[in-house]
Amino acid sequence: MNRNAWLAILALLLAVYPLAAGEFYINLASQIFIAAIFAASLNLLVGYGGLPSLGHAAWLGLSAYISAWLFLKMGLGHWATAPLALLATTLIACLFGLIALRATGLGFLMLTLALCQVLWGTAYRWVAVTDGDNGLRGLTRPAPFGISLDDSTAFYYFTLAATVFSIWMIARFVGSPFGAALRGTRDQPRRMGALGHDVWMVRWVTFVYSAFWGAVSGLLFVYYNKYIHPSSLSLTTSAEAILSVIAGGSGTLGGPIIGAAIVVLLKNYVSAYIERWNMLLGFVFVVIVVFMPDGIVPGLRRWWARWKARKVA
Amino acid sequence: MGALESEKGRVTPALQISGLKKAFGGLPAINGITLEVMPGERRLIIGPNGAGKTTLFNLLTGDLRRDAGAVHLFGEDVTRLKPHQRAHLGMARTYQIITLFGKNTLEHNILLSLLGLSADRWDAFRPLARHGRLYEQAREVLKLVGLEHLAARPIAEVSYGERRRVEMAMALAQKPRLLLLDEPFAGLSREERVAVGQLISGIPREVTVVLIEHDMDTALDLAERITVLHYGSVIVEGTRAQVVADPKTREVYLGG
């Protein structure tokens, strides 16, 4: 069976899933979708650009907070808050990119972490805007074309559509000449410069593009929860995303999606039975890295190739 | 002469280096080098290990920042330009330590080189595979260096000699005006040296070539003019016969 056939089966399964599953599982799937966009957008930097960011929560949190603030305190409707939140977050990413890309490697990691911690602290302290530790409550979900998204099935399809579009846009980016140049700057930055590629610019554009899709996941996140708290800007949020990317397989399209699914499942499902779900997450992560050092997707691909080779022999 | 003639009736040098200096932590690596390479010339720069040859190249390409002096490329001051800007003005280089994209195919390596100077490199939406013209060009370049049959092979799976030729192909793909070759024969067997030598002799005369080499005999017959570098300074410059006959050359190479 070829790839398109597999994709068709997957599409069919995702389309009929809400008919078979209960409300809890439908909501679980929506959360996985949101986490998948978030991880996939981070993967652009970590996997394809070789730039490990520990501040990706900034984009989820900023767009969620800006959208919530515009709705609650400015009285704007959803049709205005969504594009404004995306625009404002992207503009802030343009600025943060200028600062964070002063460095690469560990320096970049520390700068992204520091910038995100500033936002996290601001969310806690700037009570007039963020309501501090109480978080912003009293939010609603939008109703595109008059269809209320308060129903979990409607929200599922809305999120699914947004996820398919986001992942497709990310895939196009990765598969384009620009994406090839980005991978080039990860593998041989000096060589790329000598070949005429503006390495810094390639990284900065990717930083902003990655932040934009992170902001998209932030909008869905705040629609889903109808509530936003400073913890969504915390280091834990960033770390979970980078864990998803590494566990699933960085630099692959499917990896962050699988990784995000594992993290969300453990967090929501297992935590009902085991209180210390973080411990289990750590354990699962160690097992993955021991058996598949470069992540689940590349690991499975290798097993599959070996199995096929054995069958031929 | 002709198109490159300047107002004074003098040919504009392809490469003009004036008073170039670079020190690493107080230790001078390049100690005030001044030299000119004319368009179409084949210049060999030789010198023992540590003479500053690769540092000189890194200053020319902009990978290192100079302490003093200036670099002109076909009359244009490029001293303050970034490496990628110099590439767009027609400067290309190869590396002594092979610097390729190891996991990628030979074809993809050439594609990255072609993309570097193409406006297509900013296309972030249309799949790379649909840029058919680039693939055609890449095939042509690989044919030129006799590696067309390995186009789909990852770099990691081809021999060292073949990688050297990919290094050359990546630079040639950009159709540079000035080509800087950093020890293109390093680590090659005798047969491979002949092949790379033929490749260099086959470069069209529109391209000015500067070649650095620490082994005097390897590249001697590829160049018209030779510059001998020692401790970051030019000590002898002239035609092949002049340089070989100069006692200072022998001093450097035979330790006096």
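Worth a mention:
- Net +/- balance of residues flanking A:ARG125 in space, Cβ distance below 13 Å, scoring K and R +1, D and E -1: -2
- Calculated on the alpha-carbon coordinates, the convex hull of the stretch A:226-299 measures out at 102 cubic angstrom per residue.
- The protection proxy used here, the mean number of other Cβ atoms lying within 10 Å of each residue, ranks peptides A:245-254, A:196-205, A:153-162, A:289-298 as follows, highest first: A:245-254, A:196-205, A:153-162, A:289-298.
- Inverse mean reciprocal Cα-Cα distance (Kirkwood Rh) of the protein assembly as shown, Å: 26.9 Å
- For the stretch B:3-109, the set of trypsin sites (Lys or Arg not before Pro) satisfying both a DSSP loop assignment and a count of at most 10 other C-beta atoms within 10 Å is given as B:LYS8, B:ARG10, B:ARG65.
- Using alpha carbons only: equivalent-ellipsoid semi-axes of the stretch B:57-190, gyration tensor based, whole Å: 26, 20, 12
- Globularity ratio of the stretch A:23-312, using Cα Rg and 2.2 N^0.38 Å: 1.01
- Distant-in-sequence amide contacts of A:ILE228, defined by a placed amide H-H separation under 5 Å and a gap of 5 or more residues or a different chain, comprise A:LEU136.
- Distance from the stretch A:1-46 to the stretch B:94-108 (C-alpha centre basis), Å: 37 Å
- Shape of the stretch B:125-187 from the C-alpha gyration tensor: oblate (a/c of 1.5 or more and a/b not above b/c, with a ≥ b ≥ c the square roots of its eigenvalues).
- Average projection area in nm² (convex hull over Cα atoms of the stretch A:9-70, one quarter of hull surface): 6.2 nm²
- Between the helical axis of B:190-201 and the longest alpha-carbon principal axis of chain B there is an angle of about 90 degrees.
- Our summary of shape: the Cα atoms of chain B have principal axis extents of 57, 44, 42 Å, ordered from largest down, in whole angstrom.
- The mean count of C-beta atoms from other chains within 10 Å of the C-beta of residues in B:106-114, rounded to a whole number, is 4.
- Two-site FRET efficiency, A:VAL290 against A:ASN268, from Cβ-Cβ distance with R₀ of 25 Å, rounded to 0.05: 0.50
- The alpha carbon centroids of the stretch B:198-256 and the stretch B:115-179 are separated by 30 Å.
- Proxy reagent accessibility, fewest Cβ within 10 Å first, across B:ASP221, B:ASP120: B:ASP221, B:ASP120
- Kyte-Doolittle at least 0.0, axis length at least 27 Å by Cα - qualifying DSSP helices, chain A: A:23-43, A:78-100, A:105-125, A:152-175, A:199-225
- Spatial separation of Cα centroids for the stretch A:71-86 and the stretch B:13-90, in angstrom: 55 Å
- Think of each Lys and Arg Cβ as +1 and each Asp and Glu Cβ as -1; about the Cα centre, that makes the dipole of the stretch A:23-312 roughly 980 debye.
- Computed over the stretch A:263-313, the convex hull of the alpha-carbon atoms projects to a mean area of 4.3 nm².
- The order of the peptides A:86-92, B:105-111 by mean Cβ neighbours within 10 Å, most packed first, is B:105-111, A:86-92.
- Cα extents for the stretch A:1-160 along the principal axes, largest to smallest and rounded to whole angstrom: 47, 44, 25.
- In Hz, Karplus ³J(HN,Hα) per residue of the stretch A:130-137 (6.51, -1.76, 1.60; θ = phi - 60°; x = Gly, Pro): 9, 6, x, 5, 6, x, 8, 10
Where a number appears in this text, it was derived from the coordinates with a stated rule and is not lab data. What you see is a predicted model, and the numbers here were worked out from it, not measured in a lab. As a convention, Cβ positions derive from the backbone with ideal geometry for all residues, glycine included, and neighbour counts pool all protein chains shown.
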